[in-house]
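Just below is one structure, and these are the notes that go with it.
The values are calculated or read from the model by the stated rules, or taken from the named source; none is laboratory data. These numbers were taken from a predicted model, which means no experiment stands behind them. Positions of Cβ are backbone-derived with ideal geometry, glycine not excepted, and every protein chain shown enters the neighbour counts. These accessible areas exclude ligands, DNA and RNA; they are computed on the full protein's heavy atoms, side chains included. Shrake-Rupley method; radii C 1.70, N 1.55, O 1.52, S 1.80 Å.
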Amino acid sequence: MLEPAPLIDALPWTGWAVAVLVALLVGFSKTALGGLGLIAAALMALVVPARDSTGAVLLLLVTGDLVAIWAYRKHADFRVIGRLLGPVIVGVALGAVFLGAVSDQVMRRTIGAILLVLLLLNLGRNRLRADSRTAAAGYGGLAGFTTMVANAGGPPMSLYLLATGFEKWRFLGTTAWFFFTVNVIKLPVAVGVGIVRADTVALWAVLAPVVLVGTWIGRKVVGRVDQRLFDRLVTVLVVVASLNLLLL
């Protein structure tokens with residue numbers, strides 16, 4: 001029996017076009033608008049088998065994370081990250097249990113509905129205190145849960161930071177370090193379950209330079225976006241990501 005062709009040999013030119021777009025979006029999301037990361041993951045799943053897609057996108061995300069933590073290294077709020085990591089680990093564990101209990105479709109729709117409810121609640125209430133342990137536990141747990149089951153940890157994190165009133169640069173620095181930490185934690189798990197292997201590493205090696213181009217474009221664009229517009233764009237991307245999960 002012949003071995004299946006490596007991913008880089010099996011992709012048609014249309015698949016490569018989508019993969020290059022995904023890499024650009026991943027890079028752009030890491031230095032500008034994080035909500036695009038979920039859209040990129042959905043696009044990659046259209047041209048690469050789901051398991052391989054998850055592994056390949058994770059490697060691209062880590063590449064973008066490395067640029068983002070360097071670019072915004074002076075703006076991260078490590079106290080907030082520290083408060084979130086514990087709940088995130090709990091959320092990841094709960095997500096792993098939930099994965100075995102329901103179908104992928106039910107999972108995605110549940111997460112999409114939760115995110116929309118949270119968004120509506122945030123729009124109708126005063127901003128949260130940045131040091132609120134209850135808020136950190138709730139949003140951190142949800143971010144861990146959603147990143148485990150659907151690679152969708154960005155929207156809960158975005159909602160939390162918007163609710164606490166983070167200005168643009170502090171928002172970008174904190175999310176950069178937060179997701180770098182989370183993705184590095186996920187990486188050995190991904191290797192262990194077989195979604196990151198030689199095939200996905202080869203695909204990542206081809207697309208990594210494109211991610212770097214995306215991060216450069218993001219850096220150029222985000223500096224020209226004022227705070228109010230930035231908040232609105234992040235909110236819109238959360239809505240798009242939520243609807244994407246609901247309708248898939």
Could you check the simple spin-label distance between Ala205 and Arg79, using points 7 Å along Cα→Cβ, in nm with one decimal?
4.5
For Phe166, what accessible surface area do you get with a 1.4 Å probe? Give it in Å², rounded to 10.
10
Cut-off 10 angstrom, C-alpha nodes, Gaussian network model of the chain. Which of Pro209, Pro12, Pro156 fluctuates the most?
Pro12
Placing one equal point scatterer on each C-alpha of the chain and summing with Debye, one gets log10 I(q)/I(0) at q = 0.14, 0.16, 0.17 Å⁻¹ equal to -0.89, -1.18, -1.34
The chain: relative contact order from alpha carbon pairs under 8 Å, six or more residues apart, as a whole percent, is 38
Taking a ≥ b ≥ c as the square roots of the Cα gyration tensor eigenvalues, with a/c under 1.5 meaning rounded and otherwise prolate when a/b beats b/c or oblate if not, segment 205-248 comes out oblate
Averaged per residue, what accessible area in Å² does the chain show with a 1.4 Å probe, protein chains only?
48
Taking square-rooted eigenvalues a ≥ b ≥ c of the alpha carbon gyration tensor, is segment 21-87 rounded, prolate or oblate, where a/c under 1.5 means rounded and, failing that, a/b exceeding b/c means prolate?
prolate
Carbon plus sulfur, as percent of the 1.4 Å-probe accessible area of the chain, comes to 69
How big is the Kirkwood radius of segment 149-212, worked out from every pair of different alpha carbons and given in Å to one decimal?
13.8
What trypsin sites (Lys or Arg not before Pro) does segment 34-87 have in DSSP loop regions with at most 12 other beta carbons within 10 Å?
Arg73, Lys74
Other-chain or far-sequence residues with amide H under 5 Å of Thr164's (modelled H):
Leu128
Using only protein heavy atoms and a 1.4 Å probe, report how much of Leu233 is accessible, in Å² to the nearest 10.
60
Sequence-distant or interchain residues sharing an amide H contact under 5 Å with Ala152, placed H: which?
Thr147
As a test question: what accessible area, to the nearest 10 Å², does Leu38 have when a 1.4 Å probe is rolled over all protein chains in place?
10
